[in-house]
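Colleague: This is the structure I want to talk about, given as structure tokens.
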Amino acid sequence: MRALWVSGLAVQAMAFTLARAQTPVEGEETAIDTIVVTGTRIEQTTAEAGSTVRVIDADRLEDLGFDHALDAIATTPGVTINQNGPFGGSATVRIRGASSDQTLVLIDGVSVNDASSPGGGFNFARLDTAHIERIEILSGPQSTLWGTDAIGGVVSIITKRPDEGLSGGLFGQTGSFGAFRGGASVSHGGDTGDFRLAATQLSTGGISKADEHNGNTEDDGFDSLTLSAQGGLNLPGGARIDTSVLWNDSQAEFDSFRAGAQGSVGDGDEVSETMERSAHVSLTAPLFGGRLDNRLLIGRAEIDRQNLSNGSPSFDAQGERTLFRYQGTLDIDARNTLAAGAEREESTANVNSSALNGLFALYEFRPADAITLTGGVRSDDHERFGSETTARFAASYRPSSAVTLRGSWGQGFKAPTIFQSTFFCCGATAANEALRPERSEGVEAGIDWRSAGGRAQAGITLFRQDTENRISFSFGVGGYENIAEVQSEGIEVTARWVLNRFFELQADYAYIEATEGNGNPLLRLPKHSGDLLLDFDPPGAFSSTLLVRYNGSESDRGGAELDAWTRVDVNVRYELSDRFEVYGRIENLLDAHYQQILGYGTPGRSGSVGARWQY
């Protein structure tokens with residue numbers, strides 16, 4: 001793989017959009033031309049972005065039938081998930097081999113990474129798809145766009161917005177392991193403003209978090225309640241006030257440390273209680289006839305965690321993030337766009353706090369209709385770790401209607417978390433004051449092709465990312481220090497083929513080779529992974545999807561090797577009327593036994609059935 005980068009290629013690949021199957025006609029624009037992404041700060045289509053952005057919209061989430069965003073994100077090439085047991089087990093997302101703590105997660109533009117956790121990552125276990133309008137996944141370093149934590153990539157969640165007029169819906173489903181999931185929503189949109197309210201509840205008896213094949217028989221249940229609210233008020237002159245709130249309260253049972261057991265985990269009476277909240281209020285005000293778009297945003301994310309062991313408190317933590325942001329976007333003319341802004345983020349973990357100020361500027365230039373160039377620079381000033389400057393550049397060139405060449409180069413940085421900069425043990429008398437931010441540099445190159453009419457599409461991406469000053473725990477200093485370097489490189493291949501009016505086939509494959517500076521491979525990261533998705537949507541009431549997921553073998557702690565696995569899921573839907581449908585899902589159809597983390601089990605063949613009514 002490294003020989004592919006000797007020439008210093010800096011062109012990025014296809015932004016493959018997971019859009020619902022349609023049979024394109026000659027001359028019709030396909031999804032890659034029309035899907036607009038917001039995670040790049042300047043609104044661009046996926047064909048213009050120049051860096052890998054993949055979009056999973058609400059229609060695709062419904063087609064796949066997943067209850068949680070984690071499973072849908074897992075179908076993205078180059079993305080690896082790890083979960084220590086299903087139904088509320090801690091779940092993380094890694095992009096192109098980067099650590100899960102190096103993935104920035106945004107909900108409606110507000111960072112929700114856990115300020116109280118050691119590495120500052122985000123737990124995806126509780127994110128219900130019923131509240132999500134779209135998921136944008138940006139691969140590679142994105143600190144120029146979003147500052148600290150975006151060192152490996154960004155997952156941007158956009159919650160559902162109100163519809164025009166009065167609308168609402170109800171759904172309920174039941175399934176294996178005593179599971180019940182239900183929800184309701186109501187919304188209204190008009191000239192004055194709009195609102196949407198929604199709630200979902202999930203309850204299941206679960207299975208043992210510790211693998212049942214190792215003799216663990218105690219089921220670990222999971223209960224989760226999610227509430228969301230969105231609203232907006234239209235003001236004179238095209239101005240608008242928007243607000244959103246996403247709130248989750250959950251309780252997950254998990255298993256205990258057991259010396260000598262596989263993965264050192266076995267049956268135990270442990271419970272994790274978590275409350276998460278994220279919210280924002282924003283004001284958008286256009287000036288100069290709409291050429292200058294101004295946006296002020298105040299956001300906040302909070303998390304309260306408490307663990308119980310045998311009914312007694314064993315651990316608790318509280319984390320908070322408060323964000324203040326201004327961005328102005330100026331359409332200079334048809335070929336030039338400038339965006340600039342300032343941010344301040346204040347974080348608190350238990351009794352400790354930190355603050356970060358940032359300034360950024362982005363410029364989009366279109367020297368010709370077929371060329372889009374985007375550049376940016378950002379300066380962040382951390383109150384303890386000083387200033388960091390990052391830059392990025394992306395280019396998109398379409399020499400013909402069938403081919404798009406793309407490329408990007410970017411830098412990333414991640415300031416030490418509050419925990420990393422304050423924790424010490426093992427004889428140390430203070431935290432390590434020599435700790436420095438992690439830094440990364442990434443480059444990617446690729447090409448996207450589509451046939452006339454768009455019936456067939458294919459793309460290939462080469463990427464490389466180098467990370468230095470990686471922060472890890474060290475007994476030698478009794479805390480955290482910069483002891484690791486990581487090199488990650490690989491290839492992502494995507495393809496889509498509309499077979500006929502009824503069938504669409506999508507496939508992707510990723511090869512990732514990620515090693516530490518000493519040459520050892522990164523743990524819990526397969527070299528080979530891929531997905532095969534078949535959509536069947538004939539005229540009439542019935543539709544279905546078949547998803548095949550492959551995860552190659554990977555290394556785990558203590559020299560253990562986890563076997564490769566293949567999982568097959570089937571989702572079917574039947575519309576009884578324009579407003580009412582029934583649906584069903586079978587997960588792990590072939591009853592494969594596999595582990596994502598050593599010692600932790602996964603469900604065998606299981607299923608659910610449900611009904612949905614929409615007004």
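Colleague: For a bin width of 10 Å, list the pair-distance distribution of the stretch 377-501 built from all Cα-Cα distances, rounded to whole %.
Modeller: Histogramming the stretch 377-501 at 10 Å steps yields 11, 28, 23, 17, 12, 7, 1 percent.
Colleague: Quick check: pseudo-label points 7 Å beyond the Cα along Cα→Cβ at residue 403 and residue 527, how many nm apart are they?
Modeller: Label-label distance for residue 403 and residue 527, simple model: 3.2 nm.
Colleague: In bins 5 Å wide, starting from 0, what share of all Cα pairs of the stretch 37-112 does each bin hold, as a percent?
Modeller: Final binned percentages: 3, 12, 20, 24, 26, 11, 3, 2.
Colleague: Using a Förster distance of 56 Å, how high is the FRET efficiency between residue 217 and residue 546, based on the Cβ-Cβ distance and rounded to 0.05?
Modeller: The calculated FRET efficiency here is 0.95.
Colleague: A follow-up question, please. Mind computing the radius of gyration and Dmax over the alpha-carbon atoms of the chain? Å is fine for both.
Modeller: Values for the chain (Cα only, Rg and Dmax): 23.6, 71 Å.
Colleague: Hey, what's the per residue convex hull volume over the C-alpha atoms of the stretch 482-575, in cubic angstrom?
Modeller: It comes to 117 Å³ per residue, whole-number rounded.
Colleague: Based on DSSP H runs of at least 4 residues, each adding -39500 (n - 2.57), what is the mean residue ellipticity at 222 nm of the chain after dividing by all its residues, to the nearest 500 deg cm²/dmol?
Modeller: My calculation for the chain gives -1000 deg cm²/dmol from helical runs alone.
Colleague: Same structure, new question: For residue 593, what accessible area in Å² do you get when you roll a 1.4 Å probe over the heavy atoms of the protein chains, rounding to the nearest 10?
Modeller: Roll a 1.4 Å probe over it and residue 593 shows about 100 Å².
Colleague: What is the Cα coordinate range of the stretch 167-222 on the first, second and third principal axes, sorted by size from largest, in whole angstrom?
Modeller: 61, 17, 11
Colleague: Over the stretch 59-215, what number does the Rg to Rh ratio reach, with both radii from the alpha-carbon atoms and Rh per Kirkwood?
Modeller: Rounded to two decimals, Rg over Rh is 1.00.
Colleague: Residues of the stretch 110-215: accessible area per residue at 1.4 Å, in Å²?
Modeller: The answer is 30 Å² per residue.
Colleague: Here's something else I'd like to know. Could you pull the accessible area for residue 385 with a 1.4 Å probe, rounded to 10 Å²?
Modeller: Here the accessible area works out near 40 Å².
Colleague: Same structure again: Once the stretch 552-599 is represented by equal point scatterers at the alpha-carbon sites, with solvent omitted, what log10 I(q)/I(0) does the Debye formula produce at q = 0.14, 0.24 Å⁻¹?
Modeller: Rounded to two decimals, the profile gives -0.54, -0.87.
Colleague: Per residue, what volume in Å³ does the convex hull of the Cα atoms of the stretch 312-434 enclose?
Modeller: Enclosed volume per residue, from the Cα hull, is 183 Å³.
Colleague: If ligands, DNA and RNA are left out, what is the accessible area of residue 281 with a 1.4 Å probe, given in Å² to the nearest 10?
Modeller: About 80 Å², ignoring ligands and nucleic acids.
Colleague: At R0 = 25 Å, how high is the FRET efficiency between residue 368 and residue 497 if r is their beta carbon distance? Nearest 0.05 is fine.
Modeller: Efficiency at R0 = 25 Å is approximately 0.20.
Colleague: What three numbers, in Å, describe the spread of the alpha carbons of the stretch 49-88 along their principal axes, ordered from the longest?
Modeller: For the stretch 49-88, the Cα spread along each principal axis is 37, 22, 12 Å.
Colleague: Given just the C-alpha atoms of the stretch 345-398, how large is their convex hull per residue in cubic angstrom?
Modeller: Each residue corresponds to 82 Å³ of Cα convex hull volume.
Colleague: First measure r as the distance between the Cβ atoms of residue 229 and residue 36, then evaluate 1/(1 + (r/R0)^6) with R0 = 25 Å and state the FRET efficiency to the nearest 0.05.
Modeller: After rounding to 0.05, the efficiency reads 0.50.
Colleague: Next question, about the same structure. Order 581, 433, most accessible first, counting only protein heavy atoms with a 1.4 angstrom probe.
Modeller: Reading off the accessible areas and sorting them downward yields 433, 581.
Colleague: Something else about it: How would 582, 271 rank on accessible area, largest to smallest, probe 1.4 Å?
Modeller: In descending accessible area the options line up as 582, 271.
Colleague: What net charge do the residues around residue 518 carry, taking every other residue with its C-beta under 14 Å from that of residue 518, with Lys and Arg at +1 and Asp and Glu at -1?
Modeller: -2
Colleague: Pick out, from 413, 352, 197, the residue whose Cα sits farthest towards the positive end of the charge dipole of the chain, with +1 on the Cβ of Lys and Arg and -1 on the Cβ of Asp and Glu.
Modeller: Looking along the dipole axis, the top candidate is 413.
Colleague: Residue by residue through the stretch 217-233, what is 3J(HN,Hα) from phi via Karplus (6.51 cos²θ - 1.76 cosθ + 1.60, θ = phi - 60°)? Round to whole Hz and write x for glycine and proline.
Modeller: In residue order, the calculated couplings are 10, 7, 6, 10, x, 8, 10, 8, 10, 10, 10, 9, 8, 10, x, x, 10 Hz.
Colleague: Related question: For 383, 302, write out the residues from largest to smallest accessible area, computed with a 1.4 angstrom probe and no ligands counted.
Modeller: 383, 302
Colleague: Let me ask something else about it. Please compute the net charge surrounding residue 588, taking Lys and Arg as +1 and Asp and Glu as -1 over other residues with Cβ under 9 Å from its Cβ.
Modeller: -1
Colleague: Give me D for the stretch 207-306 in µm² s⁻¹, whole number, from Stokes-Einstein with Rh from the Kirkwood sum over alpha-carbon pairs, 37 °C and 0.692 mPa s.
Modeller: The estimated diffusion coefficient comes to 190 µm²/s.
Colleague: Right, here's the next one. Using a probe of 1.4 angstrom, how much of the accessible area of the chain is carbon and sulfur, in percent?
Modeller: Ligands and nucleic acids excluded, carbon and sulfur reach 56 percent.
Colleague: Also, quick follow-up: Straight-line reach from residue 160: which aspartates and glutamates have Cα under 16 Å away, leaving out those fewer than 8 places along the same chain?
Modeller: Of all the aspartates and glutamates, those that pass the test against residue 160 - Cα under 16 Å, at least 8 places apart if same chain - are 57, 59, 62, 67, 108, 128, 133, 136, 194, 242.
Colleague: Shifting gears a bit: If the chain between residue 259 and residue 322 were fully stretched, how many nm would it gain, using 0.36 nm times the residue separation less the Cα-Cα distance?
Modeller: Length difference between fully extended and current span is 18.6 nm.
Colleague: Now for a different question. Quick one: 3J(HN,Hα) in Hz for the stretch 135-140, Karplus 6.51/-1.76/1.60 with θ = phi - 60°, rounded, Gly and Pro as x.
Modeller: 10, 10, 10, 9, 8, x
Colleague: Further question: Work through the residues other than residue 112 whose Cβ is under 13 Å from its Cβ and net out their charges, Lys, Arg +1 and Asp, Glu -1.
Modeller: Around residue 112, the surrounding residues sum to -3.
The values are calculated or read from the model by the stated rules, or taken from the named source; none is laboratory data. All values derive from a computational prediction rather than experimental measurement. Here Cβ is always computed from backbone atoms with ideal geometry, including for glycine, and neighbour counts include all displayed protein chains. In case anyone asks, the SASA skips ligands and DNA or RNA and just uses the protein heavy atoms, side chains included. Shrake-Rupley method; radii C 1.70, N 1.55, O 1.52, S 1.80 Å.
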